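Structure first, commentary second.
The values are calculated or read from the model by the stated rules, or taken from the named source; none is laboratory data. Keep in mind that this is a model prediction, so the values were computed, not measured. Neighbour counts are summed over all protein chains in view; Cβ atoms, including those assigned to glycine, are modelled from backbone coordinates with ideal geometry.
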There are 2 protein chains.
Amino acid sequence: MPRVSSDRLAARRQQILDGARSCFARYGYEGATVRRLEQTTGLSRGAIFHYFRDKESLFLALAEQDARRMADIVADQGLVQVMRELLAGDDGDDRSWLGTRLEVSRRLRTDPEFRQRWQAHSAALTAATRDRLERQLAAGALRADIPVPVLAQYLELVWEGLVSHLAMGLPAGDLAGVLDVVEQTVRRTSPPR
Amino acid sequence: MPRVSSDRLAARRQQILDGARSCFARYGYEGATVRRLEQTTGLSRGAIFHYFRDKESLFLALAEQDARRMADIVADQGLVQVMRELLAGDDGDDRSWLGTRLEVSRRLRTDPEFRQRWQAHSAALTAATRDRLERQLAAGALRADIPVPVLAQYLELVWEGLVSHLAMGLPAGDLAGVLDVVEQTVRRTSPPR
């Protein structure tokens with residue numbers, strides 16, 4: 001039955017993604033060898049690369065999965081909430097995985113095709129952030145003196161800073177207080193003097 | 001004469017730092033082999049490691065040099081100005097060098113000694129940022145409802161996001177407008193409603 005077959009294919013694909021995520025988190029992008037990917041996914045290289053063209057495609061599929069999950073939270077609660085959850089979680093694996101995004105920075109900068117694929121995969125997050133802000137604006141909850149695309153880029157820049165900070169294992173300090181400032185900045189109400 | 005000798009030592013040390021910076025920018029942290037460091041500095045490995053214990057020490061000395069240079073600008077003009085200059089410059093070498101900071105993220109996270117040394121070297125920047133904000137506060141130019149350490153961490157988080165963004169070669173978009181929002185956020189004057 002095609003339905004069952006399709007479910008099984010999806011489950012197998014997810015098994016590969018989950019194992020690869022652990023592998024990247026543990027060994028880094030370069031350190032995630034095919035042998036290690038076989039170990040963490042529990043599947044042969046033949047099976048893995050039947051679903052994903054190469055390691056790069058596997059990595060980008062994980063980035064896309066992240067972007068979609070985050071986009072769902074952003075749609076309901078905003079990007080600051082995504083940041084609060086990242087900050088509150090003490091999940092070392094999550095932070096290690098985020099670190100791989102930094103490790104590929106050279107590649108992102110020097111390989112236009114890779115960068116283009118990466119940006120296509122993270123487009124869902126940008127779109128969700130803008131949509132959320134547009135809705136907030138319409139509801140009168142957003143400051144109106146700064147264009148929405150600028151506020152969206154502002155939030156994404158803080159997000160990039162938070163990823164970088166946590167992935168490097170730097171002390172959290174009062175980052176919760178910092179996120180309060182960020183949230184207040186995009187809201188309609190001005191800060192007290 | 002000891003004075004001349006001391007000048008020559010300092011010049012040689014700087015020659016090594018300049019060459020190493022180009023090397024890291026071009027080949028990345030891992031790719032900056034001893035052979036390549038010899039080529040870009042124009043000195044033998046014996047000479048290089050007479051001044052610096054190892055590659056890690058060389059890298060950290062560059063990070064410290066950056067932190068001191070930035071701290072000087074921060075003292076006079078603030079961290080947002082440092083960000084504006086980074087954004088305005090189209091110096092690919094500078095951005096490539098900044099990218100090496102991301103490449104060592106795994107090491108920073110997993111090697112407490114390395115992280116400690118890195119943080120000690122970047123302490124000058126944090127101190128300068130806080131000092132500047134304290135003076136702004138005393139002059140009535142800073143918002144008073146958020147503690148200075150939180151505002152300092154806010155600015156540093158945005159800085160980390162900007163470094164990450166540019167080092168990955170992502171489009172600048174309206175980051176100048178974003179920095180306006182950031183600057184306005186820490187100032188005393190509240191945004192218009």
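Does A:Ala152 satisfy the criteria of being part of a helix (DSSP H, G or I), in contact with a Leu (Cβ under 6 Å, 6 or more places away or on another chain), at pLDDT 95 or above and not basic (Lys, Arg)? So A:Ala152 fits the description; yes. Per the conditions (1) within 17 Å of the chain's Cα centre (by Cα); (2) more than 7 Å from chain B (Cβ to nearest Cβ), the sole criterion not satisfied by A:Tyr154 is (2).
Could you grab me the full set of residues in the stretch B:21-33 that are of a type outside the set (D, E, K, R), surrounded by 14 or more Cβ atoms within 10 Å (Cβ to Cβ) and part of a helix (DSSP H, G or I)? Working first, answer last.
We begin by selecting, within the stretch B:21-33, every residue of a type outside the set (D, E, K, R); these are B:22-25, B:27-29, B:31-33.
Then drop every residue that is not surrounded by 14 or more Cβ atoms within 10 Å (Cβ to Cβ), which leaves B:22-25, B:27-29, B:32.
Scanning the stretch B:21-33 gives B:Ser22, B:Cys23, B:Phe24, B:Ala25, B:Tyr27, B:Gly28, B:Tyr29.
Taking the criterion of being small (Gly, Ala, Ser) and either without any contact (Cβ under 8 Å) to a residue 60 or more places away in the chain or within 14 Å of another protein chain (Cβ to nearest Cβ) (or both), the residues of the stretch A:1-43 that qualify are A:Ser5, A:Ser6, A:Ala10, A:Ala11, A:Gly19, A:Ala20, A:Ala25, A:Gly28, A:Gly31, A:Ala32, A:Gly42. I want to confirm something. Restricting to the stretch A:180-193 and keeping residues that are within 7 Å of chain B (Cβ to nearest Cβ) and at pLDDT 95 or above, which single residue is nearest to B:Ala144 (Cα to Cα)? It comes out as A:Val181.
Residues in the stretch A:99-121 that are more than 8 Å from chain B (Cβ to nearest Cβ) and of a type in the set (A, V, I, L, M, F, W, C): 4 in all. Might you check whether a residue that is closer than 21 Å to B:Ser105 by Cα and in contact with a Phe, Trp or Tyr (Cβ under 7 Å, 6 or more places away or on another chain) occurs anywhere in the stretch A:105-124? Among the residues of the stretch A:105-124, at least one is closer than 21 Å to B:Ser105 by Cα and in contact with a Phe, Trp or Tyr (Cβ under 7 Å, 6 or more places away or on another chain), which makes the answer yes. Taken together, B:Gly173, B:Gly169, B:Gly177 contain a single residue that is over 25 Å from A:Pro171 (Cβ atoms), within 8 Å of chain A (Cβ to nearest Cβ), in a helix (DSSP H, G or I) and among the small types (Gly, Ala, Ser), which is B:Gly177. Looking across the stretch B:102-131, the residues that are aliphatic (A, V, I, L, M) and either buried (at least 16 other Cβ atoms within 10 Å of the Cβ) or within 12 Å of the chain's Cα centre (by Cα) (or both) come down to B:Leu102, B:Val104, B:Leu108, B:Ala123, B:Ala124, B:Leu125, B:Ala128.
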